[in-house]
Amino acid sequence: MNFKNLREYLAWLYYQYLLITGIYVLEPWEKSIFNWVLFSAVAMAIYTSYVFVPIHVRLALEFFSGGQPESLVALMN
């Protein structure tokens, strides 16, 4: 894929994004606010899943494997 095709493909993806979200009817300053809020929400969701999902998966595995989580073991001793 050469640079022109890649550029056209990215432009097509951006156009699809504008059509699907309906922000093509907004003014430029409204588009920037909408994109900023959307990007912030996606970034927070990615960060939260990166930080908290591994902890919850480990606790679920410990729970279903029959063991007790380390924090409960420390409290009982």
### Summary
Expected output for the range 15-32 (first residue surrounded by 10 or more Cβ atoms within 10 Å (Cβ to Cβ), partner in a helix (DSSP H, G or I) and basic (K, R), Cβ below 7 Å, 6+ apart or cross-chain) is I23/K31
### Message
With the structure loaded, tell me whether G66 is open to solvent by less than 80 Å² (accessible area, probe 1.4 Å), modelled with pLDDT under 90 and among the small types (G, A, S) or whether it fails that test.
### Response
yes
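The values are calculated or read from the model by the stated rules, or taken from the named source; none is laboratory data. Computed from a predicted structure; not experimentally measured. Heads up, the Cβs are rebuilt from the backbone with ideal geometry, glycines too, and the neighbour counts pull from every protein chain shown. Only protein heavy atoms, including side chains, enter the accessible area calculation; ligands, DNA and RNA are left aside. Shrake-Rupley method; radii C 1.70, N 1.55, O 1.52, S 1.80 Å.
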